[in-house]
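Asker: Pasting a structure below so you can have a look.
The values are calculated or read from the model by the stated rules, or taken from the named source; none is laboratory data. Since the model is a prediction, treat every value here as computed from it, not as a measurement. Cβ placement follows ideal geometry from the backbone for every residue including glycine, while neighbour counts extend to all protein chains displayed.
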Amino acid sequence: MNKLVSWSEEDEAVAATNSDATECKRGAVELGYWSDPYVRLFSRPRAERRAPEIHRGYYARVRAVEMFIHQFLERCDSKCQVLNLGCGFDTLFWRLRDVTQAVGNFIELDFPTVTAKKCQIIKRNKQLLEKITNEDGEVAIRAGGADLHADGYHLCGVDLRDEPGVLRALTAAGARPDAPTLVLAECVLVYLREDAANRLLRLLAQQFPKQVLVVYEQCNLDDKFGEVMIRNLVARGCGEVGARHMDAPGAAAGRLLAAGYDAAKGWDMDTVWRSLSEEERARVEALEPLDERELLQQLHAHYALTVASRGDLFADIDLNA
Ligand SMILES: C[S@@+](CC[C@H](N)C(=O)[O-])C[C@H]1O[C@@H](n2cnc3c(N)ncnc32)[C@H](O)[C@@H]1O
């Protein structure tokens, strides 16, 4: 563990949110929401089935992130890099490897307790390992088992509140400031206090001048529904729900501009959901009956996708662009 930030029970609870995310994703994949041949390798099946609105929420989240990944890849003028913050057991590296050679380097950061488990799972599974090994099959596991370095894939254990630690991890992972860079923060910044999240965003804005940042997290929490969400978040170890989660997505975009990004936009997930084609929504809606349509709308209204960019290359990135 790094020396600047000490590990607490709260951090333990935050790291555990990864298991929940992975299990929910697996449940949705098994019901046919989207395809992911790797997620089952990272989780056990859930004893009880999650509610349909949870699966639909995850579908919208995965699709929204995917939409912007594709826009980013289309605009890259050279081999790019992806930086997955608070990656948990996300399988994106393997899913992308199956469809594109455009990603030169994929870097994942999370608490060492989480990356150590991810390292173990990767080491045990041929299906995962064969996608990250070079021709000589070389994979280096370091930092007491919490870091894994291979050609084009780096998994590093670090506390995102520890800026020098993050910079060291980026260096160890071979991150290049000149490469087109996609930074993903899916349900992670909410677990950092406001000042730590802002410091991390400023550092990233500075480090990568050709960049797209995609943030998925809570918004509009300043109402009755939001109060319940805040209680749940606090119970799960979120130390402080910051002002940016109370505000509408537009305000979160303003904060990214203040952190040093050149352009930023945000949408609540209801808007993102409605931006999908009618056919796509009809396919997903046919998977499971949904009794509580209003509940899904409420959920979608309290999550936002915010996308920011640095540099001209990505200036026109937009919902439905
Ligand atoms: C809800 S999970 C999301 C995982 C993944 N991004 C996804 O969407 O499936 C939140 C992740 O952020 C990580 N995380 C939260 N705070 C962190 C911190 N200060 N440093 C490193 N990782 C952190 C947790 O360990 C956990 O894996």
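Asker: Testing Asn84 on (1) within 22 Å of Leu160 (Cα to Cα); (2) buried (at least 23 other Cβ atoms within 10 Å of the Cβ); (3) not aliphatic (A, V, I, L, M), one condition comes back false. Which one is that?
Answerer: (2)
Every residue, every condition in (1) under 22 Å from Gln127 (Cβ atoms); (2) touching a strand residue (DSSP E or B) at 6+ places or on another chain (Cβ under 7 Å); (3) modelled with pLDDT of 85 or more; (4) among the aliphatic types (A, V, I, L, M), yes or no:
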| position | (1), (2), (3), (4) |
| --- | --- |
| Lys3 | no, no, no, no |
| Ala15 | no, no, no, yes |
| Asn18 | yes, no, yes, no |
| Leu31 | yes, no, yes, yes |
| Trp34 | yes, no, yes, no |
| Ser43 | yes, no, yes, no |
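Asker: Can you name the residue in region 154-188 that is in a loop (DSSP other than H, G, I, E, B) and among the β-branched types (Val, Ile, Thr) and is also farthest from the ligand (Cβ to nearest atom) among such residues? Even if it seems obvious, please write down each step before you answer.
Answerer: Kept after step one, since they are in a loop (DSSP other than H, G, I, E, B), are these residues of region 154-188: 158-162, 173-180, 187-188.
Keeping just the survivors that are among the β-branched types (Val, Ile, Thr) gives 158, 188.
Working: Val158: 6, Val188: 4 Å.
Among those residues, the one meeting the criterion is Val158.
Asker: Let me ask something else about it. Restricting attention to region 40-69, which residues are farther than 19 Å from Asp318 by Cα and of a type outside the set (D, E, K, R)? Please lay out each step first, then the result.
Answerer: Residues of region 40-69 farther than 19 Å from Asp318 by Cα: 40-59.
Residues satisfying the conditions are Leu41, Phe42, Ser43, Pro45, Ala47, Ala51, Pro52, Ile54, His55, Gly57, Tyr58, Tyr59.
Asker: Also, quick follow-up: Given the criteria farther than 26 Å from His300 by Cβ, touching a strand residue (DSSP E or B) at 6+ places or on another chain (Cβ under 6 Å) and within 16 Å of the ligand (Cβ to nearest atom), does Phe106 qualify?
Answerer: The answer is yes for Phe106.
Asker: Counting only residues that are of a type in the set (Gly, Ala, Ser), give me the helices (runs of 4 or more DSSP H) lying completely in region 204-300 with at least 3 of them. First the steps, then the outcome.
Answerer: On the way: elements: 224-235, 243-246, 249-258, 269-275, 278-285.
Once the helices (runs of 4 or more DSSP H) in region 204-300 are filtered for at least 3 residues that are of a type in the set (Gly, Ala, Ser), what remains is 249-258.
Asker: With respect to the numbered conditions (1) more than 12 Å from the ligand (Cβ to nearest atom); (2) surrounded by 22 or more Cβ atoms within 10 Å (Cβ to Cβ); (3) not small (Gly, Ala, Ser), which one is the sole condition not fulfilled by Asp195?
Answerer: (2)
Asker: Kindly indicate whether Asp247 is more than 16 Å from the ligand (Cβ to nearest atom) and surrounded by fewer than 17 Cβ atoms within 10 Å (Cβ to Cβ).
Answerer: No; evaluated as a whole, the condition is false for this residue.
Asker: In region 96-143, how many residues are at pLDDT 90 or above, among the hydrophobic types (A, V, I, L, M, F, W, C) and closer than 30 Å to Asp77 by Cα?
Answerer: 9
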